[in-house]
Amino acid sequence: MGNAESVVAQKRLARFRPDERPVIEGIFDRLHGTGSSVSSGKTDKVLSLDMLKMTMGKMASESMIKRVFQGMHSIDPGVPLPPGDGIIHEQLVIFLADILRGTAEERAPLVLAMAEGAKATATTTEQIRDFMEDLVSAAVQTLAHRGNLRAWQPDRMSDEPQGVKLLAEQLTSELKSPDQNMCDIPCLEDWLFRIPAMAMFLELLIGEGLGVGLPSCPPPTLLPPCRYAPWSDLRCLLNIPLLMFLSPQLPAGHSARWRLLFSTNIHGESFTRLVGNCKSKGPTVMLVKDTTGHIFGGFVSQSWEVKPQFQGDSRCFLFSVFPYMRVFTCTGYNNHYMYLNQGQQTLPNGLGMGGQHGYFGLWLDCDFGHGHSRARPLCTTYGSSQLSGDEDFKLDTVEVWGVGQPPEEQEQDEKKKSILDADPEVQAMMEMTGKTLHSQGLREPEEDEG
């Protein structure tokens, strides 16, 4: 690792498996090879900003690449540095170790340097927000460049640049600073510790952007897979940053492929069609856009069923998308999680979440053109404020996605499992039959989740 051995870099390198260490050490020479000028002596070799741009240019903006360079340059490798502003081998090793294997304490100074500059001791929330816009944008760009969009089609989805800004603002809002406008190292450490998305975005950008390719460190999965959507006819309310925001909010076990159940763009403005398409379909995410441009919605953990009582459980939540991204989880005040009724004379007919009859956190009337979000000061069930532009709003678009395993598939899987558990001979026979069909080319390969 150069003529002057760096103890700091050696300790960081030890975090990787023995078979991975040559990969990490070899990245410097590989990146250096993309540049035009190579020094003859290894100790004089440095990585320039232009070299990083040539490597990462298709996955990040020029401003984000400059931020990465600043982060590398801020590292004290414990050995003498050559003149100039290049990055030496030891600095790159330490940077990779801290981003891919580091703690919040180790990542915080790098984030500060990327947001403000190499010698900064604090930064403003505005600078962090700008950094986050660059980072979120780079994460989206990296997913697209690497072909990891998981069947989502951004050209048929809503405004992606707006989604980047909204997600960056949401993540920045999680900062807990003693000073409203300033963030120091302890503030950033706390933020990185609480918000796992930060580490995932950084790991994705650096791991994919620099082509690290470690077997023990695959790219983080930031998007749920899309199972079905009629893209040629659809202009959906979702965008890639919004999916990156919503997907981690869903309870464990709700990572099945998303499938479109209802959209006013395709199925028309019909409450009966909405109910028919969403009833008994398992957990769902609903998005609503009103005529003022506000976008909001809710997740329900159980199938929608027509009944005169409230349904659901504490895993349900409401959320806002525009003009700001936020999630509102249950307060424990009551159990009015979800409500669906139709054709009743004495009870409200429509779809609602949170609050109470006449004062829902989110309500769609059965006439379908209207709804309300009467949550002043806050929705009792979810603690949300008014989600819509006007308390009583007019609908522009409604969209519902199934996000859990469909009940019929779940029932089939449970039946298969019970048969296999009950009779090991049947299990062995089914495995043998599957191998025979596959060898004869009669069995379809497993469907790729990517």
- Item | Per-residue SASA entry for M54, accessible area with 1.4 Å probe, Å² rounded to 10 | 130 Å²
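For the range 227-333, with only Lys/Arg (+1) and Asp/Glu (-1) charged at the beta-carbon, what is the dipole magnitude about the Cα centre, in debye rounded to 20?
Dipole of the range 227-333, to the nearest 20 debye: 220 debye.
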- Item | Helix-derived mean residue ellipticity, 222 nm - over the chain, DSSP H n ≥ 4, -39500 (n - 2.57), to 500 | -12000 deg cm²/dmol
- Taking the Cα-to-Cβ direction at R235 and at Q412 and moving 7 Å from each Cα, how far apart do the two end points lie in nm? 3.6 nm
- To the nearest 20 debye, the chain has a Cα-centred charge dipole, built from +1 on Lys and Arg Cβ and -1 on Asp and Glu Cβ, of 140 debye
- Message: If I take the Cα coordinates of the chain and project them onto the principal axes, what are the three extents in Å, biggest first?
- Response: 85, 64, 39
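Quick one: if the Förster radius is 30 Å, what FRET efficiency do S216 and K66 give, using the C-beta to C-beta distance and rounding to 0.05?
Using R0 = 30 Å, I get an efficiency of 0.50.
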- Note on the structure: Residues whose built amide H sits under 5 Å from the amide H of G282, excluding neighbours closer than 5 in sequence, are S303, W304
- Query: Okay, which of the range 121-143 sit inside 13 Å, backbone N to the point 7 Å along the Cα-Cβ direction of D184?
  - Reply: 121-123
- Task: Take the Cα coordinates of the range 41-126, assign each an equal point scatterer, and use the Debye formula without solvent to give log10 I(q)/I(0) at q = 0.13 Å⁻¹.
- Result: -0.42
- Task: Would you kindly enumerate the cysteines in the chain that have no other Cys beta-carbon under 4.7 Å from their beta-carbon?
- Result: C217, C226, C236, C278, C316, C330, C366, C379
- Item | For the chain, share of DSSP beta bridges that run antiparallel, in % to the nearest 5 | 95 percent
- Item | Candidates S173, S301, S384, ranked by Gaussian network fluctuation over the chain, Cα under 10 Å, top entry | S173
- How much length is gained on full extension from Q356 to Q153, taking 0.36 nm per residue of separation minus their Cα-Cα distance? 69.3 nm
- At q = 0.10, 0.14, 0.20 Å⁻¹, what is the log10 ratio I(q)/I(0) for the range 226-402, with the Debye formula run over Cα points and no solvent? -0.32, -0.67, -1.57
- Message: Per 0.36 nm of contour for each residue apart, how much would the distance between N335 and A122 grow if the chain were fully extended, relative to their Cα-Cα spacing?
- Response: 72.3 nm
- Item | Loop-exposed GluC sites (Glu not before Pro) per DSSP, neighbour cap 15 Cβ within 10 angstrom, longest uninterrupted part of the chain | 6-173
- Query: Based on the Cβ-Cβ distance of E174 and N265, what FRET efficiency does E = 1/(1 + (r/R0)^6) give at R0 = 22 Å, to the nearest 0.05?
  - Reply: 0.10
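The values are calculated or read from the model by the stated rules, or taken from the named source; none is laboratory data. Quick caveat, the model's predicted, so the values are computed rather than measured. Here Cβ is always computed from backbone atoms with ideal geometry, including for glycine, and neighbour counts include all displayed protein chains. The accessibility values were calculated without ligands, DNA or RNA, using every heavy atom of the protein model including side chains. Shrake-Rupley method; radii C 1.70, N 1.55, O 1.52, S 1.80 Å.
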